[in-house]
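S.K.: Structure in C-alpha cells, see below.
The values are calculated or read from the model by the stated rules, or taken from the named source; none is laboratory data. What you see is a predicted model, and the numbers here were worked out from it, not measured in a lab. Ideal geometry is used to build each Cβ from the backbone, glycine not excepted, and the neighbour counts take in all protein chains shown. Surface accessibility is based on the protein's heavy atoms, side chains included, excluding ligands, DNA and RNA. Shrake-Rupley method; radii C 1.70, N 1.55, O 1.52, S 1.80 Å.
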Amino acid sequence: MKDNNEKNKLNFKLDEPLKHEGEGHTSVKNMSRRELLGQGFILGSGYVMAPTILSSIANQAQAQVQGLNCGGGGVSLNPKIGFLSIDLSGGAAISGGNVMVGGPGGQTDMLTADGYRLLGFAPNTQGQMNNELGILFHSDSSFLRGIMSKTSPECRARINGAVACTRLANDTQNNIQSPLYGISIAGAKGAVAGLIGTNGSDSGGRSMAPPELINLEVKPTRVASSRDLNGTIDTGRMVADLGQADAVGIMRRIASLSDNKRAKLTDEQVKKDLVQCGYEKARGTLEAFAGPDALDVFADTQLVGNGASIWTNDELTSQSKYNRSATYSKAIVNGYVGAGVMEFGGYDYHNGTRSRGEQRDFEAGVAMGGALEYAHRMQKPLILYVFSDGSVRSDGQIDNSAEGRGKGVWRGDRGTTSAALMLVYNPSGRPVMTGVGHQLGNYNPDGQVNSTANLVSNSARNLAYWVILNYMALNGDTAQFASMFPENPFGTTATQLDPYINFQSIA
C-alpha cells in the first residue's frame, strides 16, 4: 500500500513522466494534444503567457548552443515579408475578366473569341488590358476597379504580380491548396501569433492544406473581425484588473523572486538566464501590446478616423470584408502576425446574371486595395495571394444591367477555367519578374486550362507549393526550399525549381 507521501508526490525527476488522477493515470507523454489542452498543460496558438520554469528548462539545450539573448525584453516581429491570403469561397472568376490569361506565350498570347466568351468577356473587349499593377488585368476588371479605389498611384507603381493557371475542383473545401502552414515553415513568425484565419478549420479558411504540411501546434488563431485581434494576446486578468503599469511591475517582481529558487537547479547560470529571459519576453509583450490602442484598428488613423484614412468608419462597421482587410493588414504588415487567410463567402455567383459576380469581385478588389495601400503607408513589403475553389463559365449571353456592365452572365461552375493570383508590394520599387514572367502555365484556345503545361496546371497541392516557393524566392531563401520541403513536387536543383519561380528577391 502506498503511503500518503508517495501518493501525493510533488517532487519529480526532470525526466519522470507527469501523471494526473484518472483512469489509468495517463502520463503526459501519452496524452493527445486535445487531452493536454483540456488539462491545461498547453495553450492553443496565439496566446502569450509567462513560461513556467519547467518549460524554460526544456529549452536548455537549445539555449546553450545558440547563446542567450533576451532582446531587451522586447517582442520579436515577423522577420519575413508579410503574407496575406484571400480565400474566395465558391469558385470566383479570377481568370479572364479579371486577370488576363493567354496561351503558351503568356498573358498577351490571345485565345479564340469562343475561349474568351467562356471566360465571360464582353464582346470585342479581349484586347482591352491595363498594366498599372505590372501584371495585366482586363481594363474593366472588377478586381482592378476595387484595387484602384483604395490605392494611390505611388502604391500601384510598386506592385507586380503573377497568375497561375490551374485546374481546381469546384465549390469544395477538398482542394488542398492552402499554403499557410508552408509559409510558417518557411519562417513567417509573429510577435503575438504565427498564423491567423477567419474560421475554425485547420487551415483557417475554406480550402485545406496539403496534409504533410499541417502542424496543429501552429493552427491559425481565429480572427474573424477587428474585435478578435486583441484576443490573440492573453495576459490573464492582470492588465484588466491592475492596469498596465502594475501588471508589468508584477512581472518584474516574479522574475526577481525566481532567483531564490534557482540554487536548487543544476547548471545554475543557464537556467537562471532561461527563466529571466522567459519572464523578460512576457514582460516585453505586456509593455508592447497591453495598451488600449496597441492592436486597435480603429485607433490607427492610417486605417480609419480622418479624411486621409484608407477606410471610413462606416465601411469598417458595415462590411465584414473591409473590416477583415483592415484587421489583417494591420496585424501582418506590422509583423504582429506572420501570415493569415481571410475567407470571403458568396463567390459561388453563377446565378444567370453578371451583376452579382461583378459586385462580389469589386468588394474583393477593395479589400485587396486597402491591404496594399496600408503596406505602402507603412513602407513595408506585402505578399497578397488570392485563390478560390474552382471557377465559373459563361455561355456568352450578356447582362446589360448597370451592374452587369455588358458582360457575359455566369451559368455554372467550371474548374477548368480557374486560376490563382499573387500580388506583391515592394516599398523600394516594383518587384522584378524572372524569365518565367507574369503567367505560370497557360490556357488552351478554347478558354480552358492546359492541364499538361506543368506540374501546377492540374494539381491543387502543387499550387500550394508554387506559392511557398515564390514566397521563399521573394525573401531570398530559394536555396533552402528543397531541404525545408523534401516532399515538394518540383525537385531540388535550380534547373528543376527555376521554371516555377516568377519573382526575383525583394529582401
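S.K.: Could you figure out which of (1) under 16 Å from the mean Cα position of the chain (by Cα); (2) more than 17 Å from TYR425 (Cα to Cα); (3) crowded, with 24+ Cβ neighbours inside 10 Å isn't true of LYS321?
M.R.: (3)
S.K.: Additional query: Give the number of residues within region 334-367 that are of a type outside the set (D, E, K, R), open to solvent by 20 Å² or more (accessible area, probe 1.4 Å) and within 24 Å of GLY390 (Cβ to Cβ). Give the derivation first.
M.R.: Taking region 334-367 as the starting set, the residues that turn out to be of a type outside the set (D, E, K, R) are 334-342, 344-347, 349-353, 355, 357, 359, 362, 364-367.
With the extra rule that they be open to solvent by 20 Å² or more (accessible area, probe 1.4 Å), the set shrinks to 334, 336, 345-346, 350-353, 355, 359, 362.
Now drop any that are not within 24 Å of GLY390 (Cβ to Cβ), which leaves 345-346, 350-353, 355, 359, 362.
Count: 9.
S.K.: Out of all the residues in region 324-364, which are within 23 Å of ASN98 (Cα to Cα) and β-branched (Val, Ile, Thr)?
M.R.: VAL341, THR353, listed by residue number.
S.K.: Restricting the first residue to region 438-454 and requiring it to be under 16 Å from ALA113 (Cα atoms), which pairs with a second residue that is in a loop (DSSP other than H, G, I, E, B) and of a type in the set (Ser, Thr, Tyr) meet a Cβ separation below 8 Å and a spacing of at least six or different chains?
M.R.: PRO445/THR112; ASP446/THR112; GLY447/THR112; VAL449/THR166; VAL449/SER418; VAL449/SER457
S.K.: Residues of region 470-487 being touching a Leu at 6+ places or on another chain (Cβ under 9 Å) and among the hydrophobic types (A, V, I, L, M, F, W, C), which ones?
M.R.: Across region 470-487, the qualifying residues are ALA473, PHE481, ALA482, PHE485.
S.K.: So which of GLY491, GLY476, GLY390 is open to solvent by 20 Å² or more (accessible area, probe 1.4 Å) and either at positive phi or aromatic (Phe, Trp, Tyr) (or both)? Spell out how you get there, then give the answer.
M.R.: Values: GLY491 fails: open to solvent by 20 Å² or more (accessible area, probe 1.4 Å); GLY390 fails: open to solvent by 20 Å² or more (accessible area, probe 1.4 Å).
Being open to solvent by 20 Å² or more (accessible area, probe 1.4 Å) and either at positive phi or aromatic (Phe, Trp, Tyr) (or both) holds for just one of GLY491, GLY476, GLY390, which is GLY476.
S.K.: May I pose another question? Need pairs with beta-carbon distance below 9 Å; first residue within 14 Å of LYS80 (Cα to Cα) and in a helix (DSSP H, G or I) and within region 472-484, second of a type in the set (A, V, I, L, M, F, W, C) and open to solvent by 20 Å² or more (accessible area, probe 1.4 Å); sequence gap 6+ or separate chains.
M.R.: Every condition considered, the pairs that remain are MET472/ALA479; MET472/MET484; LEU474/ILE506; LEU474/ALA507; THR478/ALA494.
S.K.: If you don't mind, another one. Could you look through region 393-438, keep only residues that are hydrophobic (A, V, I, L, M, F, W, C) and open to solvent by 10 Å² or more (accessible area, probe 1.4 Å), and pick out the one that is nearest to GLY102 (Cα to Cα)? Break it down into steps so the answer makes sense when it comes.
M.R.: At the first step, the residues of region 393-438 found to be hydrophobic (A, V, I, L, M, F, W, C) are 398, 402, 409-410, 419-424, 432-433, 436.
Still in the list and also open to solvent by 10 Å² or more (accessible area, probe 1.4 Å): 398, 402, 432-433, 436.
Details: ILE398: 22, ALA402: 28, VAL432: 21, MET433: 18, VAL436: 14 Å.
This residue is VAL436.
S.K.: When you scan region 184-196, do you find a residue that is out of contact with any Ser or Thr (no Cβ under 8 Å at 6 or more places or on another chain), open to solvent by 20 Å² or more (accessible area, probe 1.4 Å), at pLDDT 95 or above and over 9 Å from ALA339 (Cβ atoms), even just one? Step through it out loud before you land on a result.
M.R.: Going through region 184-196, the residues out of contact with any Ser or Thr (no Cβ under 8 Å at 6 or more places or on another chain) turn out to be 184-188, 190.
Those left that are additionally open to solvent by 20 Å² or more (accessible area, probe 1.4 Å): 185, 190.
With the extra rule that they be at pLDDT 95 or above, the set shrinks to 185.
Filter again for over 9 Å from ALA339 (Cβ atoms), leaving 185.
Yes: one or more hits.
S.K.: Can you give me the ranges of the strands (runs of 3 or more DSSP E) entirely in region 83-195 with at least 2 residues that are β-branched (Val, Ile, Thr) and touching a Leu at 6+ places or on another chain (Cβ under 8 Å)?
M.R.: On the way: elements: 129-133, 135-138, 159-165.
Counting at least 2 such residues, we get 159-165.
S.K.: Look at MET148 and say whether it is within 15 Å of GLY102 (Cβ to Cβ) and among the aliphatic types (A, V, I, L, M). Spell out how you get there, then give the answer.
M.R.: On the way: within 15 Å of GLY102 (Cβ to Cβ): no; among the aliphatic types (A, V, I, L, M): yes.
No, not satisfied.
S.K.: In addition: Answer yes or no as to whether ALA464 is outside any loop (DSSP other than H, G, I, E, B), open to solvent by less than 30 Å² (accessible area, probe 1.4 Å) and over 23 Å from SER388 (Cα atoms). Break it down stepwise before answering.
M.R.: Numbers: outside any loop (DSSP other than H, G, I, E, B): yes; open to solvent by less than 30 Å² (accessible area, probe 1.4 Å): yes; over 23 Å from SER388 (Cα atoms): no.
Spelling it out, it is not the case that ALA464 is outside any loop (DSSP other than H, G, I, E, B), open to solvent by less than 30 Å² (accessible area, probe 1.4 Å) and over 23 Å from SER388 (Cα atoms).
S.K.: Which of the residues spanning region 148-171 are small (Gly, Ala, Ser) and modelled with pLDDT of 95 or more? Show your work before the answer.
M.R.: Of the residues in region 148-171, the ones small (Gly, Ala, Ser) are 149, 152, 157, 161-162, 164, 169.
Scanning region 148-171 gives SER149, SER152, ALA157, GLY161, ALA162, ALA164.
S.K.: Still on this structure: Scan region 439-456 residue by residue and report those that are open to solvent by 20 Å² or more (accessible area, probe 1.4 Å), in contact with a Phe, Trp or Tyr (Cβ under 7 Å, 6 or more places away or on another chain) and more than 14 Å from VAL101 (Cα to Cα).
M.R.: LEU455
Condition check ((1) open to solvent by 30 Å² or more (accessible area, probe 1.4 Å); (2) modelled with pLDDT under 95; (3) in contact with a Phe, Trp or Tyr (Cβ under 8 Å, 6 or more places away or on another chain)) across all residues:
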position	(1), (2), (3)
GLY307	yes, yes, no
ILE310	no, no, yes
TYR328	no, no, no
ILE332	no, no, yes
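S.K.: Looking at region 268-275, can you tell me whether even one residue there is polar (S, T, N, Q) and at pLDDT below 90?
M.R.: At the first step, the residues of region 268-275 found to be polar (S, T, N, Q) are 269.
Now narrow it down to the ones that are at pLDDT below 90: 269.
So far as region 268-275 goes, yes, one or more of its residues are polar (S, T, N, Q) and at pLDDT below 90.
S.K.: Of the residues that sit in region 114-155 and are small (Gly, Ala, Ser) and under 23 Å from GLY396 (Cβ atoms), which one is surrounded by the most Cβ atoms within 10 Å (Cβ to Cβ)?
M.R.: Residues of region 114-155 small (Gly, Ala, Ser): 115, 120, 122, 127, 134, 139, 141-142, 146, 149, 152.
Checking the rest, the ones that are also under 23 Å from GLY396 (Cβ atoms) come to 115, 120, 122, 127, 139, 141-142.
Details: GLY115: 22, GLY120: 29, ALA122: 21, GLY127: 11, SER139: 15, SER141: 26, SER142: 26.
Going through the qualifying residues, I end up with GLY120.
S.K.: Also, I was wondering about something else. Which pairs do you get when a residue that is closer than 23 Å to GLY161 by Cβ, found in region 104-128, comes within reach of a residue that is of a type in the set (Ser, Thr, Tyr) and part of a loop (DSSP other than H, G, I, E, B), reach meaning Cβ atoms under 8 angstrom, with the pair 6+ apart or on two chains?
M.R.: THR125/SER139; GLN128/SER139
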